[in-house]
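Enquirer: Handing you this structure, nothing more for now.
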Amino acid sequence: MKITDSILGKYARLIVRTGANVQPGQVVQLTISVEQHAFAAMLMEECYKVGAKKVNVDWTFDTQSRLNYLYAEQEVLAKVLPWEEGKMKQMVEDLPCRIFIVSEDPDAMAGVDPQKLSSVMQSRATVLKPYRNAIEGKHQWVIAAYPSVKWAMKCFPEAADAEDAVEQLWNAILKTVRVNEENDPVADWKAHTDFIEEKAAWLNAQGFSSLRYKSANGTDFTVDLIPGARWEGAGTVNSVNGAFYIPNMPTEEIFTSPIAGKCEGTLVAVKPLSWNSQIIDGFSITFENGKAVSCRAEKGQALLEQMIHMDEGASMLGEVALVPKESPVNQCGFLFYETLFDENACCHCAVGMGFKEVLPGGDDLTMEQAKEQGINDSIIHVDFMVGADDLSIDGVRPDGTLVPVFREGTWA
Ligand code: ZN
């Protein structure tokens, strides 16, 4: 498919209207790479067309981050400057609708000391976390993608040239976000989100107390669920203004947060994981009493260990998500090196921060209150894929009855 202005326009409208669902009078905070300035202009215009009060743009630039990490001192990078904190304070006040366009080169941080990267991330996240908590559930946000040359070349190293690689990545992205020349993406998204909501409603009606995972690759795992916590998918509602928005485009998953510290067994990853721009591959994590006690990786062992030791919550689960193997992301058949896509390929779990909004009235709970009810807390949230083609998952009802949820990698 040729990437015309009309296709791009359709995509921009979908992001602003269906994804972020920008409301009249809202401030919009757009985060996008300087390389995608033309698309940024399209998005800004769409936001104003639906009545945005003001669109602020946070420009990102891979090379800037890379050079800073290579040359600046760790202490300098770790410091959150007063103006940065001021900006977060303003955000708590404005509760802007946030649009993030990802296009990073997956190798942007190659060669950067991973210890430096994670220490900087850790210190900054600790300072910024109270602000993040203060806006959680109270603003709309959406993450969508736009291919950059370097990202596309990483996904398609065999492509004839850069242009060809970008076109291939565009086609894959547009397939996963259901945009093509003929269709009405808004209508297609309605049908898609309806299907996801129907499955989520079924799961909620079952009231499972735990899930059991089994696969021939060695996955043998049980996780306990929080009584009354909801399965959610596709979209969610801003508790302040009631606007329905879709945080991820694409999205295929139905997820919940399990009880932090209540799981047992081994999860074997079926796809490589790109974390802090580096690859962890061929890995498994073993849990005892709810905590990751050991891990093994063919590639990135040190990185994986670092990840699960970022803080106390980094060794516990914050999310379990169900995605059938028929997902268009999975059908694309390649690794996107980007969680937004890769986590929508198949079933996954995440170590780190859980989602307090899955609890009844969760948006109004403080993180401390959410933790008391079993939600995990951490400065990280990292998804890894466990959805083998033969994966079976059983739901366990409180009375012990087993109900098939997944068979052969898809809905039973
Ligand atoms: Zn997920």
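The values are calculated or read from the model by the stated rules, or taken from the named source; none is laboratory data. Because the structure is a prediction, the values reported are computed rather than measured. Heads up, the Cβs are rebuilt from the backbone with ideal geometry, glycines too, and the neighbour counts pull from every protein chain shown. Accessible surface is based on the protein model in full, side chains and every heavy atom, while ligands, DNA and RNA are left aside. Shrake-Rupley method; radii C 1.70, N 1.55, O 1.52, S 1.80 Å.
Enquirer: What does the charge count around Leu77 come to, taking other residues whose C-beta lies under 14 Å from its C-beta (Lys +1, Arg +1, Asp -1, Glu -1)?
Expert: Here the charged neighbours net out to 0.
Enquirer: Placing +1 on the Cβ of each Lys and Arg and -1 on the Cβ of each Asp and Glu in the chain, which of Leu14, Thr266, Phe221 has its Cα farthest towards the positive end of the resulting dipole?
Expert: Value computed over the given set: Leu14.
Enquirer: Something else about it: Going by amide H atoms built from the backbone, whose H comes under 5 Å of the H on Ala52, apart from near neighbours?
Expert: Gly25
Enquirer: Still on this structure, I have one more. Calculate, for the range 5-176, the solvent-accessible area per residue in square angstrom, rolling a 1.4 angstrom probe over the heavy atoms of the protein chains.
Expert: Value for the range 5-176: 47 Å² per residue.
Enquirer: Let me ask something else about it. List every residue whose amide H lies under 5 Å from the amide H of Ser33, counting only residues 5 or more places away in sequence or on a different chain, with H placed 1.01 Å from N in the peptide plane.
Expert: Under 5 Å from the amide H of Ser33 lie the amide H atoms of Thr60, each far enough along the sequence or on another chain.
Enquirer: Now for a separate question. Give the separation of the Cα centroids, the range 106-175 to the range 337-363, in Å.
Expert: 16
Enquirer: Can you tell me the dipole magnitude for the chain around its Cα centre, using point charges on the Cβ only (Lys, Arg +1; Asp, Glu -1), in Debye to the nearest 20?
Expert: 680
Enquirer: I'd like the Kirkwood hydrodynamic radius of the chain, using the inverse of the mean 1/r over distinct C-alpha pairs, in Å.
Expert: Evaluated on the chain, it is 21.9 Å.
Enquirer: Tell me, what % of the accessible area of the chain is carbon and sulfur with a 1.4 angstrom probe?
Expert: 52
Enquirer: Each residue of the range 132-141 in turn: what ³J(HN,Hα) in whole Hz from Karplus with 6.51, -1.76, 1.60 and θ = phi - 60°, glycine and Pro shown as x?
Expert: 4, 4, 5, 9, 4, x, 10, 8, 8, 8
Enquirer: For the range 302-393, with the dipole built from +1 on Lys and Arg beta-carbon atoms and -1 on Asp and Glu ones, taken about the Cα centre, which of Ser378, Phe341, Val351 lies farthest toward the positive end?
Expert: Phe341
Enquirer: Still on this structure, I have one more. Cβ under 12 Å from Thr286's Cβ, Thr286 left aside: what net charge do those residues give with Lys, Arg +1 and Asp, Glu -1?
Expert: In short, -1.
Enquirer: Could you do me a favour and compute the accessible area per residue for the range 285-385, 1.4 Å probe, result in Å²?
Expert: Heavy-atom SASA per residue in the range 285-385 reads 36 Å².
Enquirer: With every protein chain present, what accessible area does Asp184 have (1.4 Å probe, heavy atoms only), rounded to the nearest 10 Å²?
Expert: 80
Enquirer: Quick one: Debye curve from the alpha-carbon atoms of the range 103-208 only, equal weights, vacuum; give me log10 I(q)/I(0) at q = 0.18, 0.19 Å⁻¹ to two decimals.
Expert: Evaluating at q = 0.18, 0.19 Å⁻¹ gives log10 I(q)/I(0) of -1.06, -1.05.
Enquirer: Give the residue list of GluC sites (Glu not before Pro) in the range 49-119 that are DSSP loop and have at most 11 other beta-carbon atoms within 10 angstrom.
Expert: Glu73
Enquirer: Which loop-located GluC sites (Glu not before Pro) does the range 262-366 contain, where loop means any DSSP state but H, G, I, E or B and the Cβ has at most 12 other Cβ atoms within 10 Å?
Expert: Here the sparse-neighbourhood loop sites are Glu326.
Enquirer: Principal axis lengths of the range 5-176 from Cα atoms, whole Å, largest first?
Expert: 44, 44, 22
Enquirer: Taking the convex hull of the Cα atoms, report for the range 291-412 its projected area averaged over all directions, in nm².
Expert: Answer in nm², one decimal: 9.3.
Enquirer: Which value, in debye to the nearest 20, gives the size of the charge dipole of the range 5-176 about its Cα centre, when Lys and Arg are +1 and Asp and Glu are -1 at the Cβ?
Expert: I would put it at about 880 debye.
Enquirer: Here is a further query. May I ask which residue of Trp83, His139, Trp59 lies farthest towards the positive end of the charge dipole of the range 5-176, with charges of +1 (Lys, Arg) and -1 (Asp, Glu) on Cβ and the Cα centre as origin?
Expert: In the range 5-176, that residue is His139.
Enquirer: Another question about this same structure. What FRET efficiency, computed as 1/(1 + (r/R0)^6) with R0 = 35 Å and r the Cβ-Cβ distance, is obtained for Glu84 and Ala201, rounded to the nearest 0.05?
Expert: 0.25
Enquirer: Name the trypsin sites (Lys or Arg not before Pro) in the range 1-78 that are in a loop by DSSP and that have at most 13 other C-beta atoms within 10 Å, would you?
Expert: Lys2
Enquirer: Here's something else I'd like to know. Give the total of Lys-Lys pairs in the range 5-176 with Cα-Cα distances below 16 Å; include a pair only if its members are 8 or more places apart or on different chains.
Expert: Number of lysine pairs found: 10.
Enquirer: Hey, another quick one. If you find the alpha carbon centre of the range 226-248 and of the range 301-326, how far apart are they in angstrom?
Expert: With the range 226-248 and the range 301-326 each reduced to a Cα centre, they are spaced 22 Å.
Enquirer: Would you tally the net charge around Ser327, using a Cβ to Cβ cut-off of less than 9 Å, leaving Ser327 out, and scoring K and R as +1, D and E as -1?
Expert: Result for the neighbourhood of Ser327: -2.
Enquirer: Which FRET efficiency value, to the nearest 0.05, do you get for Glu288 and Val403 by plugging their Cβ-Cβ distance into 1/(1 + (r/R0)^6) with R0 = 41 Å?
Expert: Between Glu288 and Val403 the formula returns 0.95.
Enquirer: How far apart, in nm, are two points set 7 Å out from the Cα along the Cα-to-Cβ line at Val50 and at Arg124?
Expert: Result: 2.8 nm between the two label points.
Enquirer: Any chance you could run the full-extension gain for Glu182 through Phe61? It's 0.36 nm times the residue separation minus the Cα-Cα distance, nm to one decimal.
Expert: Stretched out fully, the Glu182 to Phe61 stretch lengthens by 40.2 nm.
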